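Asks: Quick one: the structure is below, and I'll ask about it shortly.
The values are calculated or read from the model by the stated rules, or taken from the named source; none is laboratory data. Quick caveat: nothing in here was measured; it's all calculated off a predicted structure. Ideal geometry is used to build each Cβ from the backbone, glycine not excepted, and the neighbour counts take in all protein chains shown. Ligands, DNA and RNA are excluded from the accessible area calculation, which covers all protein heavy atoms including side chains. Shrake-Rupley method; radii C 1.70, N 1.55, O 1.52, S 1.80 Å.
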Amino acid sequence: MTHKHRDDTIDDAARTWLIRMRGPDAPQLRHELEAWRAADPALHAAYERAEAILVQSAILKGSVRHGQSRKSRLAPQRPFVRRWLTAGALAAAAAMLFVAISAGGASLSGPHGQNPMAAWAAEPLVTRHGEIRSFRLDDGSVVTLDTDSRLDVALTDNARIVKLARGRARLQIATDVRPFRILAGSGQVTTTQALLDIGYDSEGMIGLTLSDGAAVIAPAGQTTHKSVMREIPAATPLVYRADDAALRLGAQSSDFGDSDWPSGWAEYRTVRLDQLVAAANRYAAVPIIIKDPAIARLEASGRFKISQTDTFVRRLAQLFDLAVERRADGIYLQRR
């Protein structure tokens with residue numbers, strides 16, 4: 001290794017550490033950072049240089065996003081610009097200056113394996129309870145988030161990375177020479193163009209369905225090892241545990257039923273009433289409650305507008321001849 005190459009590698013690692021220490025995990029990483037700096041005077045000096053550059057970099061990166069809410073699609077839409085603020089903003093700006101997210105970056109352990117830590121935008125994509133919303137990324141990709149969802153985004157000259165922190169997303173990924181990586185739990189999906197759904201359920205499982213394009217999946221942190229990469233079959237719903245480091249893939253139930261969820265609809269061949277109500281409660285302002293086990297075991301089939309609570313409850317009451325009682329703690333479905 002040449003002297004210049006060694007210096008570049010050390011500087012890359014120092015800059016990566018600087019970004020990590022501006023993130024939410026900084027307190028837990030402090031001891032590891034100090035050990036890294038103490039291992040070599042050159043590392044300590046590189047970190048000091050990176051801090052000096054950051055202080056001198058008074059840059060606030062503008063983040064342009066086009067967001068469209070299901071509740072306000074009829075309103076005139078305009079691009080809007082928000083500023084990245086606080087320490088996270090400065091860290092993101094510094095990352096855009098000197099952190100290259102690519103397989104050739106600093107070999108520092110982290111959620112991207114051999115990639116340096118991504119400079120996540122200070123403003124993640126977020127939906128409120130009951131909201132379904134679409135966002136257009138700067139690369140032309142379109143992300144639709146289900147209710148109560150959050151997606152962290154990092155787009156650089158070398159890579160496109162998103163991390164699903166909670167909820168569910170549909171990603172229409174635009175063609176680009178830069179790889180598009182999707183982090184969710186213990187898995188990382190990589191593609192250059194695809195249409196796919198990915199999301200968490202209440203039991204710590206992550207569902208994944210590739211509808212178009214091509215993609216591979218690997219355990220997070222092992223994405224440089226081709227032996228662990230697996231091709232994702234098209235139109236085959238898969239599932240894995242969010243905390244399973246081995247990333248064992250299984251098949252989703254054929255009655256998963258919600259491929260049309262961005263429209264607020266769910267279609268089932270057959271589903272228990274308690275399971276159907278649980279899906280609708282993800283959007284309800286007050287919960288729908290079934291106390292009677294016999295009613296809970298009833299089976300339904302068809303297409304339901306689960307995102308509109310009142311319409312949904314009326315239809316169930318008509319289908320099964322149930323009474324609807326509205327109380328302060330919820331909407332009760334019970335026998336007449």
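Asks: Apply the Karplus curve 6.51 cos²θ - 1.76 cosθ + 1.60, θ = phi - 60°, to the phi angles in the stretch 207-215 and return the couplings in whole Hz, x for Gly and Pro.
Replies: Running phi through 6.51 cos²θ - 1.76 cosθ + 1.60 with θ = phi - 60° gives x, 9, 9, 9, 9, 7, x, 9, 7 Hz.
Asks: When each pair of different Cα atoms in the stretch 255-336 is counted once in the 1/r mean, what is the Kirkwood radius in angstroms, to one decimal?
Replies: Radius from the Kirkwood sum: 12.6 Å.
Asks: Kindly state, to the nearest 0.05, the FRET efficiency for Ala296 paired with Asp260, given R0 = 25 Å and r defined as their beta-carbon distance.
Replies: 0.55
Asks: Now, a different point. Binning every alpha carbon pair distance of the stretch 145-296 at 10 Å from zero, what are the percents per bin?
Replies: So the P(r) values, bin by bin, are 10, 39, 33, 14, 4, 1.
Asks: Something else: Starting with the highest mean, order 133-144, 176-187 by the number of other Cβ atoms within 10 Å, averaged over the residues of each peptide.
Replies: 176-187, 133-144
Asks: Still on this structure: I'd like the distance between the alpha-carbon centres of the stretch 116-169 and the stretch 288-336, rounded to an integer number of Å.
Replies: One Cα centre to the other: 33 Å.
Asks: Then there is this: Would you please put 211-222, 35-46 in order of how densely packed they are, using the mean number of other Cβ atoms within 10 angstrom per residue and starting with the highest?
Replies: Packing order, densest peptide first, comes out as 211-222, 35-46.
Asks: State whether the stretch 289-336 is rounded, prolate or oblate according to the following rule on the C-alpha gyration tensor (a ≥ b ≥ c being the square roots of its eigenvalues): a/c under 1.5 gives rounded; otherwise a/b larger than b/c gives prolate, and the remaining case gives oblate.
Replies: Oblate, because a/c is 1.5 or more while a/b does not exceed b/c.
Asks: Another question about this same structure. Compute, for the stretch 225-320, the length of the dipole vector about the Cα centre, with Cβ point charges of +1 (Lys, Arg) and -1 (Asp, Glu) only. Units Debye, rounded to 20.
Replies: Around 20 debye, computed over the stretch 225-320.
Asks: A further question follows. What full-extension length gain, to one decimal in nm, is calculated for Met205 and Ala35 as 0.36 nm per residue of separation minus the Cα-Cα distance?
Replies: 57.6 nm
Asks: Accessible area of the stretch 198-323 with a 1.4 Å probe: how many percent of it is carbon plus sulfur?
Replies: The nonpolar share, carbon plus sulfur, comes to 51 percent.
Asks: May I ask you to order 157-165, 308-316 by the average number of other C-beta atoms within 10 Å around their residues, highest value first?
Replies: Most protected by this proxy first, the peptides run 157-165, 308-316.
Asks: So what is the relative contact order of the stretch 120-243, in percent, for Cα pairs below 8 Å that sit 6 or more residues apart?
Replies: So the answer I get is 17 percent.
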